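Below you'll find the structure, written out as structure tokens, and then a few comments.
The values are calculated or read from the model by the stated rules, or taken from the named source; none is laboratory data. Keep in mind that this is a model prediction, so the values were computed, not measured. When we count neighbours, we look across all protein chains shown, and the Cβ atoms used for this are built from the backbone with ideal geometry, even at glycine.
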Amino acid sequence: MNRRDFSALLTTLLASPALLPSTEAHAAATPNSDAPADIPRLISGSYPLIQNSPKPGATRISHRYLLGMLPDSIRLEAHLTVLSPGAPPEPIWHHKHSEMWLMREGTCTLTTAGTSRTLRAGDMGLCIAGDDHYISNASNSEPASYFVVAVGPPE
């Protein structure tokens, strides 16, 4: 999948309520009682990067752009993660949401559903909701960084 295909896919995912008949679109735009009360509702606009102060010796540092609920009760999260050279892999995990990794710099190994793939700067990786996955820096000498976009139901 190239960047244009990804842009079209993301636009379709975010615009999906507009494709529903009007009564369903209205219902989808109405806040869902299943949505966690502590996750804010997102609005159109600009979301600057929120810099975190890393703990001393941290090998994985994440900086959030946003975490919130779209009008159709879909949770959206976006952050930037930087992995130090030789950083240990994150634990194997799975979620109710799907995740996309957009490589910014370096090389990572993304393992999804038992299959490992190499991601380089400019590549995108995708993990469908429910698949076990983890990502690690493939280099012991260079840092790696990537953007994560997670879309799915509230957790």
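Go through region 72-99 and report how many residues are over 22 Å from I50 (Cβ atoms) and among the hydrophobic types (A, V, I, L, M, F, W, C).
2
Condition check: more than 30 Å from A144 (Cα to Cα) and either surrounded by 13 or more Cβ atoms within 10 Å (Cβ to Cβ) or modelled with pLDDT under 85 (or both). Does P54 satisfy that?
It is false that P54 is more than 30 Å from A144 (Cα to Cα) and either surrounded by 13 or more Cβ atoms within 10 Å (Cβ to Cβ) or modelled with pLDDT under 85 (or both).
Just one of the numbered conditions (1) surrounded by fewer than 15 Cβ atoms within 10 Å (Cβ to Cβ); (2) outside any loop (DSSP other than H, G, I, E, B) is not true of S44; which one?
Condition (2) is where S44 drops out.
Mind telling me which of the residues Y65, Y47 ends up being in contact with a strand residue (DSSP E or B) (Cβ under 8 Å, 6 or more places away or on another chain) and more than 23 Å from C127 (Cα to Cα)?
Answer to the selection: Y47.
Taking W93 as meeting all but one of (1) within 28 Å of D38 (Cβ to Cβ); (2) modelled with pLDDT of 95 or more, write down the number of the exception.
Result: W93 fails condition (2) only.
Which one of these does I92 not meet: (1) in contact (Cβ under 8 Å) with a residue 40 or more places away in the chain; (2) of a type in the set (V, I, T); (3) buried (at least 16 other Cβ atoms within 10 Å of the Cβ)?
Unmet condition: (3).
Please determine, by comparing only the residues of region 73-87 that are part of a loop (DSSP other than H, G, I, E, B) and in contact with a Ser or Thr (Cβ under 7 Å, 6 or more places away or on another chain), which one is nearest to I43 (Cα to Cα).
Looking at residues that are part of a loop (DSSP other than H, G, I, E, B) and in contact with a Ser or Thr (Cβ under 7 Å, 6 or more places away or on another chain), I get S84.
Just one of (1) outside any strand (DSSP E or B); (2) surrounded by 15 or more Cβ atoms within 10 Å (Cβ to Cβ) trips up E99, so point out which.
(1)
Restricting to region 103-155, name every residue that is assigned to a strand (DSSP E or B) and charged (D, E, K, R).
Answer for region 103-155, where residues must be assigned to a strand (DSSP E or B) and charged (D, E, K, R): R104, E105, R117, R120.
Restricting region 20-41 to residues that are modelled with pLDDT under 85 and of a type in the set (D, E, K, R), which is surrounded by the most Cβ atoms within 10 Å (Cβ to Cβ)?
The qualifying residue surrounded by the most Cβ atoms within 10 Å (Cβ to Cβ) is E24.
From A113, A78, grab the single residue that is more than 23 Å from N140 (Cβ to Cβ), without any contact (Cβ under 8 Å) to a residue 24 or more places away in the chain and hydrophobic (A, V, I, L, M, F, W, C).
Being more than 23 Å from N140 (Cβ to Cβ), without any contact (Cβ under 8 Å) to a residue 24 or more places away in the chain and hydrophobic (A, V, I, L, M, F, W, C) holds for just one of A113, A78, which is A113.
Looking only at region 102-116, filter to residues that are of a type outside the set (S, T, Y) and over 11 Å from Y146 (Cβ atoms); which one of those is surrounded by the fewest Cβ atoms within 10 Å (Cβ to Cβ)?
G114
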